[in-house]
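Everything below concerns the one structure shown next.
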C-alpha cells in the first residue's frame, strides 16, 4: 500500500488517497471467496464448488470488493499511520472507492479529522475571583427549618385556611360559563403557597373556612396552554378540610430523630461542616471554570467539528444515564419538556464547543510542560474505575484504552497546574479594593471535560466501555 495524495480540507479535516496493490487486493479477495462462496451459487456447479474466476464472471469482478475492503481497512490505517505524523481524533471513514477492474487494484479515499495546531497565551499566574466558603447562621437555620418541615406532623384544624396549610377542595373552572377540560378536581389536596395553581388561585383560597364555597375570578397567564392563555376564568371552589403542619420542637430529641447526633448543638455543627464543604467544592469548581475560560481566550486553534460533535454525543449519553438513574424514560421526559432528542442535543452545542477548546488548551499545556503519566497513576485509575463500576480490574483493562487514560490524566495534571499557579482575586464587597493571593495548593482540579486523546485512534476511557468522557458522569457519581 502507498499514499498517492494528501489534501487538507477545512476545519482540520484531511483526505488521503491510498493505493491497494493488485497483490494485496487479490489476497484479501481470495480469503473472502473462501468464506462466502457457499452463498454464491453458480449454475452447473455444486454449491460452493465453483472456482473464483467463475464466481466473478457470474456476479461481477467487484463481488468481493466490499468484504475485501473491510478486511484491508486496518492495513490502510496502518499505512497512513506509518507514513504520516497525524494525530487522528475521530474514526477515519472511507469516502470513495475506485476499483480498477482491469488492473485489479483499488484506490481508497480516507477522510479523517486531525488534532489541530494549537497556540496559547499565558496559563500560569492567572487570576480569577473566588467566592467565600463561609457559612452563616441563617444558612444553618435554613437547613434545619427545611428538616423540620419535612418531619412535620399534619393535623386537621378548625379555622380559616392560611398560607402553608394543606387544604382539601373541590373545584371546577368555567370560561364564559362553560366548564373546560382539565379544570375540575374533587377532594384535591393543595398546599397553599406551593404555586401549583395559576397565580392568584391559592391566595384567594386563603381565608376560606371549612364548608365554605367561593367563586374565584382569575385570568390565565399569557405563557400558558394556547387554548387557555390570557382568557378570564372563574373557579368555583368548595373547601372541605384544613390541615396544619405541626413542626417538631427544636431540641435534642429532634436532633436524635433526624440524625446520628445526641444533641442539637452537635447536629448544627455537622450541618455547618457539610455546608462549608459543599460551598468550598462549589467555590473551587467555579474558580477552576473561570481559569479554564481564561486559558482559551488567547488560544488559536482550528477546533475540529468532530470533537464538538463527540462532546455533544457525550452530553446526550450523560443525560440518558442521569435520567435512567432516576427511573425516568428519556423519551417521555423530552416529550414533557416539549422538545426532541435532536433539539436537546443541539442545545449542548455551545457548551460542547467550549469544552473542546478547553481540552485543546490543556493538551497544549501538557505538551509544553512535558507532563508525563507514570504506570502507577494509570494503575490507580484502573482501580478507581473498577471500584466505581463494581468490576474487576482485569475486566476494566480489557475494555479500556490505556492511551486514552494517559491523555485524560495529562489533562487533569495540566488543569491542576493552572489552578495551583493562579492567584485569587478576593474582595470584601462591591467597593472594596481587589486583593490578589496565591491559590491554595489543596485546590483539587477536577477532571477536565475531554474524551479525546492526542492519539492516532479514537480513544475510550477506562471508566466506561462506551462512554469516554462519561468519565465526567463517573466523576459525578463518585462525588455524589
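The values are calculated or read from the model by the stated rules, or taken from the named source; none is laboratory data. The structure presented is a predicted model; accordingly, all values stated were derived computationally and were not measured. Here the Cβ positions follow ideal geometry from the backbone for every residue, glycine too, while neighbour counts run over all protein chains shown.
This table checks each residue for (1) in contact with a strand residue (DSSP E or B) (Cβ under 6 Å, 6 or more places away or on another chain); (2) over 30 Å from residue 352 (Cα atoms); (3) not in a loop (DSSP other than H, G, I, E, B).
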| position | (1), (2), (3) |
| --- | --- |
| 197 | no, yes, no |
| 255 | no, yes, yes |
| 285 | no, no, yes |
| 296 | no, no, yes |
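Every residue, every condition in (1) in contact (Cβ under 8 Å) with a residue 40 or more places away in the chain; (2) in contact with a strand residue (DSSP E or B) (Cβ under 8 Å, 6 or more places away or on another chain); (3) not assigned by TED's automatic domain parsing to the domain that holds residue 361, yes or no:
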residue	(1), (2), (3)
31	yes, no, yes
74	no, no, yes
80	yes, yes, yes
85	no, no, yes
110	yes, yes, yes
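Test of understanding: among 319, 254, which residue is in contact (Cβ under 8 Å) with a residue 24 or more places away in the chain, under 30 Å from residue 138 (Cβ atoms) and crowded, with 18+ Cβ neighbours inside 10 Å? Being in contact (Cβ under 8 Å) with a residue 24 or more places away in the chain, under 30 Å from residue 138 (Cβ atoms) and crowded, with 18+ Cβ neighbours inside 10 Å holds for just one of 319, 254, which is 254. Listed conditions (1) surrounded by 12 or more Cβ atoms within 10 Å (Cβ to Cβ); (2) modelled with pLDDT under 95 are all met by residue 227, apart from (1). The helices (runs of 4 or more DSSP H) located wholly in the stretch 317-433 that include 1 or more residues which are touching a strand residue (DSSP E or B) at 6+ places or on another chain (Cβ under 7 Å) and under 30 Å from residue 120 (Cβ atoms) occupy 349-368.
Set side by side, the residues 106, 114, 94 differ, and just one is surrounded by 11 or more Cβ atoms within 10 Å (Cβ to Cβ), touching a strand residue (DSSP E or B) at 6+ places or on another chain (Cβ under 8 Å), modelled with pLDDT under 95 and farther than 26 Å from residue 68 by Cα, which is 114.
Here is the figure for the stretch 1-46: residues that are assigned to a helix (DSSP H, G or I) and within 30 Å of residue 301 (Cα to Cα) total 0. Taking (1) under 17 Å from residue 164 (Cβ atoms); (2) surrounded by 12 or more Cβ atoms within 10 Å (Cβ to Cβ) in turn, residue 236 satisfies each apart from (1).
Of all residues in the stretch 65-90, those that are assigned to a loop (DSSP other than H, G, I, E, B) and surrounded by 13 or more Cβ atoms within 10 Å (Cβ to Cβ) total 5.
Among the residues making up the stretch 125-150, those that are in a loop (DSSP other than H, G, I, E, B) and either surrounded by 13 or more Cβ atoms within 10 Å (Cβ to Cβ) or in contact with a helix residue (DSSP H, G or I) (Cβ under 6 Å, 6 or more places away or on another chain) (or both) are 126, 130, 131, 133, 135. Checking the structure you have, find out if any residue of the stretch 115-124 is part of a helix (DSSP H, G or I) and either touching a residue at least 12 places away in the same chain (Cβ under 8 Å) or touching a helix residue (DSSP H, G or I) at 6+ places or on another chain (Cβ under 6 Å) (or both). Checked the stretch 115-124: no residue is part of a helix (DSSP H, G or I) and either touching a residue at least 12 places away in the same chain (Cβ under 8 Å) or touching a helix residue (DSSP H, G or I) at 6+ places or on another chain (Cβ under 6 Å) (or both).
When the criteria are applied in full, residue 299 meets the requirement of being buried (at least 16 other Cβ atoms within 10 Å of the Cβ) and closer than 30 Å to residue 124 by Cα. For first residues located in the stretch 208-220 and free of Cβ contacts under 8 Å to residues at least 40 places away in the same chain, partners that are in a loop (DSSP other than H, G, I, E, B) and buried (at least 16 other Cβ atoms within 10 Å of the Cβ) and lie 6+ apart or on another chain with Cβ distances below 7 Å form the pairs 214/208; 218/198; 220/198; 220/228. When residue 325 is tested against (1) at pLDDT below 95; (2) more than 21 Å from the chain's Cα centre (by Cα); (3) within 30 Å of residue 135 (Cβ to Cβ), just one condition goes unmet, and that condition is (2). Note on the stretch 394-416: residues that are at pLDDT 90 or above and touching a helix residue (DSSP H, G or I) at 6+ places or on another chain (Cβ under 7 Å) amount to 9. The residue that is farthest from residue 169 (Cα to Cα), counting only those in the stretch 230-247 that are modelled with pLDDT of 95 or more and touching a helix residue (DSSP H, G or I) at 6+ places or on another chain (Cβ under 9 Å), is 235.
So is residue 340 at pLDDT 90 or above, surrounded by 12 or more Cβ atoms within 10 Å (Cβ to Cβ), within 25 Å of residue 116 (Cβ to Cβ) and touching a helix residue (DSSP H, G or I) at 6+ places or on another chain (Cβ under 8 Å) or not?
On the way: at pLDDT 90 or above: yes; surrounded by 12 or more Cβ atoms within 10 Å (Cβ to Cβ): yes; within 25 Å of residue 116 (Cβ to Cβ): no; touching a helix residue (DSSP H, G or I) at 6+ places or on another chain (Cβ under 8 Å): yes.
Judged against the criteria, residue 340 is not a match.
Could you please find all residues in the stretch 49-64 being surrounded by 14 or more Cβ atoms within 10 Å (Cβ to Cβ), part of a loop (DSSP other than H, G, I, E, B) and more than 48 Å from the chain's Cα centre (by Cα)? 50 - this is the single residue of the stretch 49-64 that is surrounded by 14 or more Cβ atoms within 10 Å (Cβ to Cβ), part of a loop (DSSP other than H, G, I, E, B) and more than 48 Å from the chain's Cα centre (by Cα). Would you check if residue 280 is surrounded by fewer than 14 Cβ atoms within 10 Å (Cβ to Cβ) and not assigned by TED's automatic domain parsing to the domain that holds residue 174? No: the conditions fail for residue 280. When 249, 217 are screened for being more than 26 Å from residue 152 (Cα to Cα) and exposed (fewer than 14 other Cβ atoms within 10 Å of the Cβ), only 217 passes.
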